[in-house]
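Trainee: This is the structure I want to talk about, given as structure tokens.
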Amino acid sequence: MLKRTQLNDDLRQLFRYEDYEDYCLNGLQIEGRESIKKIAFAVSYNLLSLEAAIESGADALIVHHGVFGKDFFSVTGREKVKVKALLDADISLFGIHLPLDGHRELGNNAQLATCISADIIEPFEVGFIVKNTAKLTRKEILEAFHAKLGTDDEKPILPEGIKPGRTYGMDHCDFGPEVPEKIAIVSGGAGSYYEAALNKGIDTYICGDILEQIPAIAYESKTNYINLGHYWSETLGIKALQSYCIRNYDIETIYININNRI
């Protein structure tokens, strides 16, 4: 039977928390029962995912967005409600933030690169600079992400001037090559790294948010920009970790999808 302490130690070794300067304590954040027979996985720790984990009979909940902040202690208001629910159900909460973005195999960005059959060239922030080995067009890249991530089936919005287009719920600025060559992939709220990636010679930037100045930067630099959405860009890492746990432990698992296009 899997023990909480063993899982905590294994995850620490797997993701090398010490290599990251993060906004939170990675690993076991709230302690539940010692024996683990079932693990729930979700992108974010919130009341919706927590209630689903409790209903499923899970002994632990592993998320990408857990409890943020590592230099304070305050359990009031909404936090009190969630923590009380966890303690009453005796469920352990594990949060793995930046290490789950940057892992070379299980991480969000490595998994996103796999979606488009891209080869990793070098690390960039918690993501990667990759080569478009499959020579996918911009349209084919959007289609590949839509198929893998399950993004929205909404009517496309065509780009106009520097106004981004919108396809399958993903924003895109199409000012670079039709067939990208060198791409930066950084999941989540990584729009602020766009200009630093341009200095690496990329022609396409893929992340999980879009800022006001981004369309103008894309136009001026003659590059492409794709906003997958923060949530969608960070579903693959937690699913890859679920698969890892299934392979390595004698446990049940459940993936909780709280769909959020933002």
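No value in this document is a laboratory result; all are computed from the given coordinates. Since the model is a prediction, treat every value here as computed from it, not as a measurement. Methodologically, a virtual Cβ is constructed for each residue, glycine included, from the backbone with ideal geometry; neighbour enumeration extends over all protein chains shown.
Trainee: Any residue in region 128-152 that's of a type in the set (A, V, I, L, M): show its pairings with residues that are assigned to a helix (DSSP H, G or I) at Cβ separation under 6 Å, as long as the two are six or more apart or on different chains.
Mentor: 130/113; 144/115; 149/232
Trainee: On the basis of being out of contact with any Gly (no Cβ under 8 Å at 6 or more places or on another chain), surrounded by fewer than 16 Cβ atoms within 10 Å (Cβ to Cβ), under 30 Å from residue 39 (Cα atoms) and of a type in the set (D, E, K, R), does residue 84 make the cut?
Mentor: Spelling it out, residue 84 is indeed out of contact with any Gly (no Cβ under 8 Å at 6 or more places or on another chain), surrounded by fewer than 16 Cβ atoms within 10 Å (Cβ to Cβ), under 30 Å from residue 39 (Cα atoms) and of a type in the set (D, E, K, R).
Trainee: Now for a separate question. Please verify whether region 78-94 includes one or more residues that are within 17 Å of the chain's Cα centre (by Cα) and closer than 20 Å to residue 253 by Cβ.
Mentor: Yes, some residue in region 78-94 is within 17 Å of the chain's Cα centre (by Cα) and closer than 20 Å to residue 253 by Cβ.
Trainee: Pull up region 148-179, narrow it to residues that are assigned to a loop (DSSP other than H, G, I, E, B) and of a type in the set (D, E, K, R), then point me to the one that is farthest from residue 215 (Cα to Cα).
Mentor: 153
Trainee: Could you look through region 208-262, keep only residues that are in contact (Cβ under 8 Å) with a residue 24 or more places away in the chain and of a type in the set (Lys, Arg), and pick out the one that is surrounded by the most Cβ atoms within 10 Å (Cβ to Cβ)?
Mentor: 239
Trainee: Name the single residue that is surrounded by the fewest Cβ atoms within 10 Å (Cβ to Cβ) among those in region 130-148 being of a type in the set (A, V, I, L, M, F, W, C) and farther than 14 Å from residue 224 by Cβ.
Mentor: 147
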